[in-house]
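What follows is a set of notes on a single structure, which appears directly below.
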Amino acid sequence: MYFLVHAGLRSDTAKIVNILAHRDSEQRDLIQQAYETSFSEPLYKRISTDLHGHVKRALKLWLHDALTRDAIIIRKALTSSPVVDYQAVNEIICSRTPSQIRRFKDAYLSTYHSNLDEDLDKQLSGDHKKLLVAYITIQRYEGPELDEALVQQDAQQLYKSADKKIGTDEKTLIRIFSERSSTHLAAVSSAYKASFGTPLEKALKQQASGLFLRGLLTILRCAINPSMYFAKILRKAIKGMGTGDTRLIRVIVTRTEIDMQYIKEAYLTKYGKPLSVAVRSDTSGHYRDFLLQLLGSDY
């Protein structure tokens, strides 16, 4: 844990990248403690002062544990610009398990002395706000067991919620998507297609729009195949008009210690080339080196 202390932070960004990219959360915490003890200054502050650009942003985010990191991302998305970063808010909240949500809500409160649900209530609006507040508030089951009768019932209710004669039933959409487990929603999606011949995602696009639709789709896609969801997000970050570095950093840093291997496999399956090749061709310098070291081997 003392390697970084002797790496020469001011002079060798490559060493900093090589050391931190290969340390897990506990090791990074110990390194930060050792650095502050030795130099009476937080490592986070020194990196902020001495490094620049995207590599600085990525390293600063990487220093945190997963729960604090999620809290920081959401807080920044809600408050740091004139327009809320709705993609980041949806991505963090709608892709996390109920236990992860409970814990990063605690981290958010501890870090910012503010309740996340209250901040969402202030910054969001309409059915999108109702969906996300319900999603972080309601206690959901997160195990593998299913109630097949309830699956069929929910599929029927979702079909009825799109009755063109009476209009979309947003309350039903919010209730089902905020109360049901990921396993349940994935089963509902299959049951919906089997019963009505239409993919549930397509049906949702006919019922909802805007931010509300984006929230529903994020929840559904992460319930069905979270690895493919993040693979597609990374593809958009890389292949848009200029690299979406904020999104690229966020996904790679937050998923590296969770499910990056599965995301890489999904990316290769979907797009026919390794994620590392895409990242290498679209980034440069120490920033590229850091992301590639987090990604690790392709196979």
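The values are calculated or read from the model by the stated rules, or taken from the named source; none is laboratory data. Note that the structure is a prediction, hence the values are computed from the model and not measured. Cβ placement follows ideal geometry from the backbone for every residue including glycine, while neighbour counts extend to all protein chains displayed. Accessible surface is based on the protein model in full, side chains and every heavy atom, while ligands, DNA and RNA are left aside. Shrake-Rupley method; radii C 1.70, N 1.55, O 1.52, S 1.80 Å.
Based on DSSP H runs of at least 4 residues, each adding -39500 (n - 2.57), what is the mean residue ellipticity at 222 nm of the chain after dividing by all its residues, to the nearest 500 deg cm²/dmol?
Dividing the helical sum by the residues of the chain leaves -22000 deg cm²/dmol.
So, with a 1.4 angstrom probe, what is the percent of accessible area on region 202-276 that is carbon and sulfur?
Values: 1620 of 3190 Å².
The nonpolar share, carbon plus sulfur, comes to 51 percent.
Quick check: the distance between the Cα centres of region 259-299 and region 92-160, to the nearest angstrom?
Answer, in whole Å: 30.
Using 1/(1 + (r/R0)^6) with R0 = 35 angstrom and r between the beta carbons of Ser81 and Arg102, what's the FRET efficiency to the nearest 0.05?
Calculated value: 0.80.
At a Cα cut-off below 19 Å, give the lysines reachable from Lys76, other chains included and same-chain residues fewer than 8 away excluded.
Lys76 reaches Lys45, Lys56, Lys60, Lys105, Lys122, Lys129.
Roughly speaking, to the nearest percent, how much of region 74-137's 1.4 Å accessible area is carbon and sulfur?
45
Could you tell me the extents of the chain's C-alpha atoms along the three principal axes, largest first, rounded to whole Å?
69, 45, 38
For region 110-125, what does the Karplus curve 6.51 cos²θ - 1.76 cosθ + 1.60, with θ = phi - 60°, yield as ³J(HN,Hα) per residue in whole Hz, taken in order and with x for Gly and Pro?
Calculated HN-Hα couplings, in order: 5, 7, 10, 6, 8, 7, 4, 4, 5, 5, 4, 4, 6, 9, 9, 8 Hz.
Using only the alpha-carbon atoms of region 74-137, report the extent along each of the three principal axes, biggest first, to the nearest angstrom.
Between the extreme Cα coordinates on each principal axis of region 74-137 lie 29, 23, 17 Å.
Counting only heavy atoms of the protein chains, get the accessible area per residue of region 227-295 (1.4 Å probe) and round it to a whole Å² value.
With the other protein chains kept in place, region 227-295 gives 42 Å² per residue.
Using the eigenvalues of the Cα gyration tensor, what equivalent ellipsoid semi-axes result for region 148-224 when each is taken as the square root of five times the eigenvalue, whole Å, largest first? List each step's numbers first, then the result.
Working: eigenvalues 55, 43, 26 Å².
After scaling each eigenvalue by five and taking roots: 17, 15, 11 Å.
For region 11-63, what is the accessible area per residue in Å², given a 1.4 Å probe and the full set of protein chains?
50
Starting from the Cα of Lys15, draw a straight line to each of the aspartates and glutamates and keep only those under 12 Å, dropping any in the same chain fewer than 8 residues away.
List returned: Asp289.
Applying the Karplus parametrisation 6.51 cos²θ - 1.76 cosθ + 1.60 with θ = phi - 60° to the phi angles of region 73-82, what ³J(HN,Hα) value in whole Hz is obtained for each residue in order, glycine and proline being reported as x?
Ordered by residue, 3J(HN,Hα) equals 4, 5, 4, 5, 4, 7, 10, 8, 9, x Hz.
When we measure straight from the Cα of Lys239, which aspartates and glutamates land under 12 angstrom away, once same-chain ones fewer than 8 places off are left out?
Correct list for Lys239: Asp282.
Could you give the angle, 0 to 90 degrees to the nearest 10, between helix 25-39's Cα long axis and the longest principal axis of the Cα atoms of the chain?
Value to nearest ten degrees: 40.
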